[in-house]
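The structure under discussion appears below in the form of structure tokens.
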Amino acid sequence: MQKQTVTVKRCLHTFESRGSHLSDITPELLTRFDEPGPRYTSYPTADRFVDAFGAADYAQALDQRQSGRVGKQLPLSLYVHIPFCESLCYYCACNKIITKHKERSADYLRYLSKEVALHTRHLGPGQTVSQLHLGGGTPTFMSDDELRQLMTMLRQNFDFVPGGEYSVEVDPRTVDENRLAMLAELGFNRLSFGVQDFDPAVQKAVHRIQPAEQVFQLVEAARRLGFESVNLDLIYGLPLQTPESFDRTLSLVNSLRPDRIALYAYAHLPERFKPQRRIHAEDLPSGSDKVVMLSRSLESLTVAGYVYIGMDHFALPEDTLAVAKRQGRLHRNFQGYSTQADCDLIALGVSSIGRIGTTYSQNAKTMEEYVDLLDLGLR
């Protein structure tokens, strides 16, 4: 089971539930709660998954949803995992395939179509969808034509409601304004940019170089194109980071003013995740420096006007997440915080995790097994 420092989750979540203020959270308090524990950004945690739940059990859960015996037939949420990346980010613990062979995504599309067909066999075609998220890997690894094919295939099998939340994760290094316009044309109304840190030395240390100017230009383009929400992912605890260097990153983020911010703690587990072996442990900030970075981040973002949503997330007061929190409508599913009632989540693609009724399930974790099972008509 993966371990990481869970200060931000354990301490902040406790204070939020008790109605306390973020100003009450001091570096001393964070240090007091700074101890290893199981990750619970997602629930249930990974150690709760067992092999006893198989394809037949999942099919039964789908059939029960279709028959109306489980749940209120709320609109579905879809997650599609695109595992391909052109280059390796050393900190990454996601399920990904590093490749320069663009043709691999075309073949992957065929298997996604097979998996969708298996779902519609049990659910029936035309199930209503109000949320879609493309994650990875790097969804923008796919060409424009492939992304069009993917969205066409999904729309042929599901009914996407107007005004839904349709988001895609974007590597700033793989897009320009024309690609963002294409994503808007396909119906995406939310973007999440993986930034992590704006400091050039830190970017070099984690093998992810993307100038701040490039990110600023893309966010400005996204606003011109009418995207409803732009999120930035940040990570503290990366090699060569210092409280002072991360202050500079936060200052740039505040001037950019994205609608949402996800602030994650880096968990260094080189014995489990091979890419992290390229990070030198001596380059990592100390535990005390990480606490200072977190404390300063909380202060910087709240002073800048961001609302603490919970766990690792912040949003501007007018963002739908902040509005839902104020109105008591905030929900959390396996993908994270949501403005909609807890609905079933259909997860498509290698290693993806979904939920139907009271069941959670994960697809095969390797491409070889995923492809083999679909060729056999299973998943």
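Structural remarks
- Qualifying residue in region 349-365 (condition: at pLDDT 90 or above, assigned to a helix (DSSP H, G or I) and among the hydroxyl-bearing types (Ser, Thr, Tyr)): no
- Among (1) outside any helix (DSSP H, G or I); (2) over 18 Å from Tyr370 (Cα atoms), the one test that Gly135 misses: (2)
- Checked against (1) modelled with pLDDT under 95; (2) in a loop (DSSP other than H, G, I, E, B), Gln64 meets all criteria but (2).
- Screening the candidates Val323, Val350, Val371 for the property of being touching a His at 6+ places or on another chain (Cβ under 7 Å) and either surrounded by fewer than 19 Cβ atoms within 10 Å (Cβ to Cβ) or not hydroxyl-bearing (Ser, Thr, Tyr) (or both) yields one hit, Val350.
- Only one of the numbered conditions (1) polar (S, T, N, Q); (2) modelled with pLDDT of 70 or more; (3) outside any loop (DSSP other than H, G, I, E, B) is not met by Thr14, and that is (2).
- For region 90-107, the set of residues classified as out of contact with any helix residue (DSSP H, G or I) (no Cβ under 7 Å at 6 or more places or on another chain) and touching a residue at least 60 places away in the same chain (Cβ under 8 Å) consists of Ala93, Asn95, listed by residue number.
- Members of region 280-299 found to be surrounded by 21 or more Cβ atoms within 10 Å (Cβ to Cβ) and assigned to a loop (DSSP other than H, G, I, E, B), listed by number: Pro285
- Filter result for Glu115 (more than 25 Å from Tyr337 (Cα to Cα), at pLDDT 95 or above and either assigned to a strand (DSSP E or B) or touching a Ser or Thr at 6+ places or on another chain (Cβ under 6 Å) (or both)): no
- All positions within region 300-309 that are in contact (Cβ under 8 Å) with a residue 12 or more places away in the chain and in a helix (DSSP H, G or I): Ser300, Leu301, Thr302
The values are calculated or read from the model by the stated rules, or taken from the named source; none is laboratory data. All values derive from a computational prediction rather than experimental measurement. Ideal geometry is used to build each Cβ from the backbone, glycine not excepted, and the neighbour counts take in all protein chains shown.
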